[in-house]
1. So, in segment 62-76, how many residues would count as being crowded, with 17+ Cβ neighbours inside 10 Å and either free of Cβ contacts under 8 Å to residues at least 60 places away in the same chain or in the same structural domain as residue 242 (by TED's automatic domain parsing) (or both)?
2. Taking residue 199 as meeting all but one of (1) at pLDDT 80 or above; (2) in contact with a Gly (Cβ under 9 Å, 6 or more places away or on another chain); (3) not assigned by TED's automatic domain parsing to the domain that holds residue 289; (4) not small (Gly, Ala, Ser), write down the number of the exception.
3. Testing residue 347 on (1) under 28 Å from the mean Cα position of the chain (by Cα); (2) free of Cβ contacts under 8 Å to residues at least 12 places away in the same chain; (3) under 15 Å from residue 297 (Cβ atoms), one condition comes back false. Which one is that?
4. Are any of the residues in segment 413-432 at pLDDT below 95, in the same structural domain as residue 291 (by TED's automatic domain parsing), assigned to a loop (DSSP other than H, G, I, E, B) and farther than 23 Å from residue 317 by Cβ?
5. Please state which one of 121, 126 is over 34 Å from the mean Cα position of the chain (by Cα), of a type outside the set (Lys, Arg) and surrounded by 21 or more Cβ atoms within 10 Å (Cβ to Cβ).
6. Right, residue 211: closer than 30 Å to residue 362 by Cα, modelled with pLDDT of 85 or more and in contact with an Asp or Glu (Cβ under 8 Å, 6 or more places away or on another chain) or not?
7. From the residues in segment 359-409 that are assigned to a loop (DSSP other than H, G, I, E, B) and of a type in the set (Lys, Arg), which one is surrounded by the most Cβ atoms within 10 Å (Cβ to Cβ)?
8. Any residue that is buried (at least 18 other Cβ atoms within 10 Å of the Cβ), among the hydrophobic types (A, V, I, L, M, F, W, C), modelled with pLDDT of 75 or more and more than 23 Å from residue 276 (Cα to Cα) - is there at least one of those in segment 167-182?
Amino acid sequence: MSFTVAIIGRPNVGKSTLFNRLVGKKLALVDDTPGVTRDRRPGDAKLVDLKFRIIDTAGLEESSPDSLQGRMWAQTEAAIDEADLSLFVVDAKAGLTPADQTLAEMLRRRGKPVVVVANKSEVRGSEGGFYDAFTLGLGEPCPISAEHGQGMLDLRDAIVAALGEERAFPPAEDVAETNVDIRPAAGEGTEDEEVEPAYDETKPLRVAIVGRPNAGKSTLINRFLGEDRLLTGPEAGITRDSISVEWDWRGRTIKMFDTAGMRRKAKVQEKLEKLSVADALRAIRFAETVVIVFDATVPFEKQDLQIVDLVLREGRAAVLAFNKWDLVENWQALLVDLREKTERLLPQARGIRAVPISGHTGYGLDRLMQAIIETDKVWNRRISTARLNRWLESQQVQHPPPAVSGRRLKLKYMTQVKARPPGFMISCTRPEAVPESYTRYLINGLRNDFDLPGVPIRVHFRASENPFESKARKRR
């Protein structure tokens, strides 16, 4: 991106609505309640012919540095320092307030380009608030409606005027044309080939961090990054938006999603919390590997087990992280207890990797990342059809399929139809009659014999086609 823009303003002036308008997606949570946004959220924006990086920030309110509002102010100041230009959003409908004057003075001291944006200018009677914005001393305000998309061309011109043509439109880099032969080499790419593809160690990895409120998810990500990138504190439920951050681990790009804490469904009553949980669920579906953060001082609450079950039903690779290990006294006894409970309470994820960590001190984070990589390898694994059919034959010898209604089931053929997670198809007679117990027997056998621990495994049965069926119909 050519430059970075931060959206600044007091609460409930429409900053997140403008952010969603510029990125073209409903990424940020929007609600009538003031103070919805707390962390700074980056995104890739496009405004007519401008392409830039944009940062949504929390509504600024003066408060003590130790309070939640004070920590939100610090996050917003970091976004202003990072950005090349600030969009100072004011509410043209409500007019200026003393908080707007305070923010204008702060931006003036920074000495960076500022564009004053008079939002909600489509409302009748907003002219007074628009003209009041001239008194901020930051230049001519730009009237827009973020909700309806009005005034976007004027906003584009104001950004170009504030930054300059050269900064807004950097020269494109010349890319040398190369002729690449995409044809497969001799003996490669044929349908009959049975090659198990190697795992790509350089591919970027998407990881979501989920768990109950106040389990230490944001603190864990900050420790990975080595900076206070996400808002943290002793209060439960600080995180609302699902914020993504990128960093490198041993030369590999990791895109990590911080999510809102998920409480039991019966306790989620407020609309804003429902939106936060829905955003967390979208992050789970988008991620490849999901780290479920447990509070080691009160592990295996009912909600913890439900979150793990949700992740597995979505087909994601799961890793357990027992956080706050620095608060545990008799850690050896607790480790034995956690291992026993993991095997007993999560039979659907037999062999799932669990790592004791401390987001506060950094203990165990390297082992956690190694567990994430190893689980992702299993999640992406493919097994050749020849090996699967040899395995299926041996399984039937050890434990033949049961007879249903006096007729023995016959499993004829097996192949892997997908990975991420591993999915298998078995051709058999009467697939609807295969008992659930025999399906579990096959899944457990796959998990043990092909080393597929801790990932969901899908097994589907399909009736084999009868080649003489069409001839019999013709005779009729």
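1. 2
2. Of everything listed in (1) at pLDDT 80 or above; (2) in contact with a Gly (Cβ under 9 Å, 6 or more places away or on another chain); (3) not assigned by TED's automatic domain parsing to the domain that holds residue 289; (4) not small (Gly, Ala, Ser), residue 199 misses just condition (2).
3. Of everything listed in (1) under 28 Å from the mean Cα position of the chain (by Cα); (2) free of Cβ contacts under 8 Å to residues at least 12 places away in the same chain; (3) under 15 Å from residue 297 (Cβ atoms), residue 347 misses just condition (3).
4. no
5. 121
6. Judged against the criteria, residue 211 is a match.
7. Among residues in segment 359-409 that are assigned to a loop (DSSP other than H, G, I, E, B) and of a type in the set (Lys, Arg), the one surrounded by the most Cβ atoms within 10 Å (Cβ to Cβ) is 381.
8. Within segment 167-182, one or more residues are buried (at least 18 other Cβ atoms within 10 Å of the Cβ), among the hydrophobic types (A, V, I, L, M, F, W, C), modelled with pLDDT of 75 or more and more than 23 Å from residue 276 (Cα to Cα).
The values are calculated or read from the model by the stated rules, or taken from the named source; none is laboratory data. Quick caveat: nothing in here was measured; it's all calculated off a predicted structure. All Cβ positions, even for glycine, are placed from backbone atoms using ideal geometry, and neighbour counts span all protein chains on display.
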